[in-house]
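Taking it in order: structure first as structure tokens, then the write-up.
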Amino acid sequence: MGAPLFILSFRHRDELSRLAEGAGWQPIAARRAESVEARFVASGASVAMVDARGALAEGEEAVRAIGDAAEANEAALLVLLSRGDAAALESFHQHGATHFLVSPFTEAQLLHAIQFAHRHAERVGGVRGRVGVEAESASWRWQPGSRTVELSPALARQAGLGEEEGRRISLMDLFRKLGPDGRRAAREAIDRLLATGEATAFAHGERWARIAHHVRRREGGEVVGRAEAIQGSGERRDPLTGLRDGRAARAWIAARLGGHEVEGPALVALLVSVSRYDAINAAFGRATGDAVLQAVARRIERQTGTEGRGPLVARMAGAEFAVLLPAPATIEEGGFLAGQLIEAIGRPFASGDHVITLAARAGVAAAQDGDDPAALLRRASAALAEAKAGEGPPVHVLEAGAESATARGDRLEIDLRRALDQDEIEIRFQPQVAVTGGAIVGVEALARWNHPLYGELGASTLFNVAEGSDYLAQLSDHVQRKAILIAAAWPEALSGLRLSVNITAADIVRPGFAAQFLQMVQGSGFAPERLTVEVTEGGLIEDLSAAASLLAELRGGGLRVAIDDFGTGYSSLAYLKALPLDYLKIDKRLCQDIAGSTRDRIVVRSVIDMARSLGLGVIAEGVETEEQLGLLAEEGCNLYQGFLCAPPVTEEELVQLVTR
């Protein structure tokens, strides 16, 4: 299979996925932007494609979410735009987009754009973002004969001066900052310029880079210099903060991975991200945003004690920083340090008249055997994305050998499509037993998937994965059809059993679903009067009238209808009034609570009495003990299913249970 390609498209996901797959890519595609950063990182893709055609605001928000992670992981970010939205390109570029394509375009042009983005990711790597902007805006002006030099805000910040007080600096103070070699080079360059009028340049060393000054003379005699940071080949630095940059961090990781021989991880990587940095920029301006990043860099340095040997601190992208702990660091130490960093960054920050309260999130991962820098940083990025995803703790530690929840979900999405194509989803049957007499009178069909990596996965996991990947209708059809076809061919021992199959909320709103389902039942040869369809209470909430019409049509075809998991939602009484029903299945939590307090038993008794008054049969789910069964029998429950009789079983095991 080809290289992974991450696709987020709000309107054309399936079309783009088919095109990419046909060209040899492995598409990891999404239609919704929830957890988009985590999903992109987990995909392992070197190219993220965001299709903002017809969804400009959503696309811009997605690029803002992905941008830092793409840069930190040396990935390209390709944006597709409608022709009328081309004016938004500047905004997309500021948020991290590296390539774009404006419609209309041909399939060949799109594939070429993906290839160009992929080649860019391979060759150029992570030197993107604001570095170029900072270098271009760092400048100074001097009028010959004046004792002061005027600096641009960016150059003032790079020189370690406050923005306002640093705009003008005495010529002698500036020269002292250049050092002996820099002063000599500057004097020689200025003398050449004044003597010849021709533009020239000089360079001087700093603690983190070489600075080249391109000098020219304007009309009127004013001397103007533009400062450019020249990154050295040995130790690359970020011009804004003075920290190492992403390439220097990766080189540092590679050196330690290659020479590691002692027990334990070669290093532990922390990725720290300042929360809502875009909002700070928008509210207080670019200068304040830059000052915030510089302050965060200094706080991280102080907290980690990066003098001399020890941890390496780098600015990876935007508002994202890396702290790399060499051996013999442990992942526990990494998690503890991450918590300290979050606390240090969270202290209020003063910038001019503004007091800004910062927040941050962090992800921690340890190096594993076979890692390269990209693999380690991707796991740390996945951990950071998990920390950002919810309202939980601000630090997420990805334990050795563990896989992020997002990575597992994306893997399952890809594998589920293959499993459906290759008929790997199996059917199990859980007996439904008469409370009086103990005879097995029916079964509920449940999906099972024996995943090669994660083992046996149950129906709830399968349907959750399918819902997230928009394969829900395909999975539902597959399970329903397969269960009914198996039941139609049951041996004589099972010929008297009823079969229950589940329909989903997505099925309820599918046009023509009832007619399609009844036609499938008739074609299978299974007697409709032996078939019950179960729909969960939660699946009925959004459109009760549509559910009533669909269930009435199914009952008109000879089927029976049950509400599953009754008691878990908020509209139970409305369901009983509005829907054509035959059975009510009490949620397993209510059934298991019946052996608890008197109050719990009264609740279950009320549900059973209400169902019986309406002429409905009652099935109790999740019955595990004789005590629960006895109490349910006393209250008038008709049927039960649960581990007290049997877990979901194969057809062969079901035959043995029934005959026994």
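The values are calculated or read from the model by the stated rules, or taken from the named source; none is laboratory data. In this text, all values refer to a predicted model and were calculated from it rather than measured experimentally. Positions of Cβ are backbone-derived with ideal geometry, glycine not excepted, and every protein chain shown enters the neighbour counts.
List of remarks:
- Extreme residue, surrounded by the fewest Cβ atoms within 10 Å (Cβ to Cβ), among residues of segment 85-109 that are free of Cβ contacts under 8 Å to residues at least 12 places away in the same chain and closer than 24 Å to residue 286 by Cα: 87
- Here residue 629 fulfils each of the conditions (1) farther than 29 Å from residue 493 by Cα; (2) at pLDDT 85 or above apart from (1).
- Candidates 33, 45, 70, filtered to the one that is within 16 Å of residue 119 (Cα to Cα), modelled with pLDDT under 90 and assigned to a loop (DSSP other than H, G, I, E, B): 45
- Output for segment 504-539, where each listed residue is at pLDDT below 90 and part of a loop (DSSP other than H, G, I, E, B): 504, 509, 510, 511
- Put simply, of 479, 443, 501 the only residue that is at pLDDT 90 or above, closer than 20 Å to residue 563 by Cα, assigned to a helix (DSSP H, G or I) and not small (Gly, Ala, Ser) is 479.
- Of the set (1) buried (at least 24 other Cβ atoms within 10 Å of the Cβ); (2) in a helix (DSSP H, G or I); (3) of a type in the set (A, V, I, L, M), all apply to residue 50 but (2).
- Taken as a whole, segment 55-76 holds at least one residue that is over 18 Å from the mean Cα position of the chain (by Cα) and under 26 Å from residue 466 (Cβ atoms).
- Unique match (being of a type outside the set (Val, Ile, Thr), surrounded by fewer than 22 Cβ atoms within 10 Å (Cβ to Cβ) and outside the structural domain of residue 14 (by TED's automatic domain parsing)) among 494, 499: 494
- Failed condition for residue 321, given (1) surrounded by 24 or more Cβ atoms within 10 Å (Cβ to Cβ); (2) of a type in the set (Phe, Trp, Tyr); (3) free of Cβ contacts under 8 Å to residues at least 12 places away in the same chain: (3)
- Any hit, segment 89-106, residues being at positive phi and of a type in the set (Asp, Glu): no
- In segment 346-365, residue farthest from residue 311 (Cα to Cα) [restricted to those that are among the aliphatic types (A, V, I, L, M) and at pLDDT below 90]: 355
- Cross-chain or 6+ apart pairs with Cβ under 8 Å, segment 253-266 first and closer than 20 Å to residue 374 by Cα and of a type in the set (Val, Ile, Thr), then modelled with pLDDT of 80 or more and in a loop (DSSP other than H, G, I, E, B): 253/367
- Condition met for residue 348 (in contact (Cβ under 8 Å) with a residue 24 or more places away in the chain and farther than 29 Å from residue 63 by Cβ): no
- Search result, residues across segment 43-74 that are of a type in the set (Ser, Thr, Tyr) and touching a Pro at 6+ places or on another chain (Cβ under 6 Å): 43
- The numbered conditions (1) assigned to a helix (DSSP H, G or I); (2) surrounded by fewer than 22 Cβ atoms within 10 Å (Cβ to Cβ); (3) of a type outside the set (D, E, K, R); (4) modelled with pLDDT under 90 are all true for residue 450 except (1).
- Here the condition is being at pLDDT 85 or above, under 25 Å from the mean Cα position of the chain (by Cα) and part of a helix (DSSP H, G or I); of 386, 343, it holds for 343 alone.
- Taken over segment 576-591, the residue count meeting the criterion of being acidic (Asp, Glu) and within 15 Å of residue 603 (Cα to Cα) is 1.
- Some residue of segment 597-616 being closer than 24 Å to residue 533 by Cα and within 40 Å of the chain's Cα centre (by Cα): no
- Hits in segment 414-471 - residues which are farther than 20 Å from residue 504 by Cα and touching a Lys or Arg at 6+ places or on another chain (Cβ under 7 Å): 441, 442, 456
- Tallying residues that are touching a helix residue (DSSP H, G or I) at 6+ places or on another chain (Cβ under 7 Å) and of a type in the set (Asp, Glu) within segment 72-106 yields 2.
- Selection from segment 21-30 of residues that are outside any loop (DSSP other than H, G, I, E, B) and either hydroxyl-bearing (Ser, Thr, Tyr) or within 28 Å of residue 389 (Cα to Cα) (or both): 26, 27, 28, 29, 30
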